[in-house]
1. In what sequence, largest accessible area first, do Trp80, Trp212 appear using a 1.4 Å probe?
2. What list of ³J(HN,Hα) values in whole Hz, one per residue of the stretch 83-99 in order, does the Karplus curve 6.51 cos²θ - 1.76 cosθ + 1.60 (θ = phi - 60°) give from phi, with Gly and Pro shown as x?
3. Taking θ as phi - 60°, what are the ³J(HN,Hα) couplings along the stretch 238-250 by the Karplus curve (6.51, -1.76, 1.60), each to the nearest whole Hz, with x for Gly and Pro?
4. Whose amide H sits under 5 Å from the amide H of Arg13, counting only residues 5 or more places off or on another chain, with H placed in the peptide plane?
5. Using only the alpha carbons of the stretch 83-214, determine the length spanned along each of the three principal axes and report them from longest to shortest in whole angstroms.
6. Taking the Cα centre of each part, how many Å lie between the stretch 218-254 and the stretch 117-194?
7. Would you mind getting the accessible area per residue of the stretch 45-165, heavy atoms of the protein chains only, 1.4 Å probe, in Å²?
8. Treat every Asp and Glu Cβ in the stretch 1-119 as -1 and every Lys and Arg Cβ as +1, leave all other atoms uncharged, and give the resulting dipole magnitude about the Cα centre to the nearest 20 debye.
Amino acid sequence: MKLFFGGDRMVERQAKLYEGKAKILYATADPNIVISYFKDDATAFNAQKRGQIADKGVVNCKVATHLLQLLAAQGVKTHWLETPSDREMVVRAVNIIPLEVVVRNLAAGSLCKQTGLPLGTVLTPPLVEFYYKNDDLGDPLLTRDRIRAMNLADEAQIDELTRLAGKINTLLQTFFQRCQITLVDFKLEFGLDSAGQILLADEISPDTCRLWDQATSDQAERVLDKDRFRQDLGNVAEAYQEVLNRILAQVNLK
Ligand code: 5GP
């Protein structure tokens with residue numbers, strides 16, 4: 001399939017480079033550019049739970065496009081270049097730093113499980129945490145010293161990732177507030193381009209964030225993210241679509 005990109009340049013999918021749980025990466029003729037294809041597949045609990053969410057790939061591709069564009073407009077360097085079709089994003093090729101950078105504004109998920117903090121506890125300042133992106137080891141929580149010992153990033157890179165995560169959190173929190181959605185927590189991935197520059201990579205979507213609808217305080221009803229799938233809350237596709245609708249309403253206001 002041929003995709004038109006940047007008006008006059010054309011990119012075409014070539015060999016499959018990598019298939020992850022939610023996306024497939026394809027090479028293009030340009031080694032600096034890859035195509036990220038968004039699937040409907042959903043996994044949770046380190047892929048022990050598997051399923052499909054109708055049109056998730058289409059919705060997440062759109063959500064991620066808007067959020068990456070919003071961040072880029074505020075000076076965050078991202079891998080995003082173009083979204084030429086419903087499920088495909090043209091992005092800069094990067095070497096992914098094998099860290100999951102998690103920002104938490106309210107306690108939820110593994111933080112509650114591991115610390116006993118009650119669900120919804122406000123975290124001031126927000127937590128920035130690093131997890132090792134390694135399914136075989138179950139994505140363990142890392143410390144700064146462990147990151148250094150494992151040679152995953154140097155001091156300056158850890159500082160830069162922490163600074164970027166904080167900036168992205170501030171920008172996303174402000175935007176989601178306008179959507180009447182509380183940004184509870186989210187996961188980011190970063191990569192290094194051929195010049196060694198850190199770029200925000202991967203996606204930001206209801207798969208990678210916890211998002212609570214401010215219209216209700218009901219603990220199940222308010223969930224607009226992958227926790228609906230993880231916890232079998234039903235109406236998963238509808239919740240993802242609601243997030244996209246609220247984002248589009250804000251984008252169209254401009
Ligand atoms: P927790 O550590 O509480 O499980 O996750 C914190 C936040 O990061 C949640 O918004 C969760 O969706 C996201 N997150 C953490 N690890 C992963 C992961 O491996 N994949 C995805 N899609 N999101 C993750």
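1. Trp80, Trp212
2. For the stretch 83-99, the Karplus-derived couplings read 10, x, 8, 4, 10, 10, 10, 8, 9, 5, 6, 9, 8, 5, 6, x, 10 Hz, x marking Gly and Pro.
3. 5, 5, 4, 5, 4, 4, 4, 4, 5, 5, 4, 4, 6
4. Amide H to amide H, under 5 Å and 5 or more residues apart or across chains, Arg13 pairs with Leu3.
5. 42, 41, 27
6. Taking the Cα centre of each part, the stretch 218-254 and the stretch 117-194 sit 22 Å apart.
7. Result: 50 Å² of accessible area for each residue.
8. Magnitude of the dipole: close to 360 debye.
The values are calculated or read from the model by the stated rules, or taken from the named source; none is laboratory data. Nothing here was measured: the structure is a model prediction, and the numbers come from that model. No Cβ is skipped: glycine too gets one built from the backbone with ideal geometry, and neighbour counts run over all protein chains shown. The accessibility values were calculated without ligands, DNA or RNA, using every heavy atom of the protein model including side chains. Shrake-Rupley method; radii C 1.70, N 1.55, O 1.52, S 1.80 Å.
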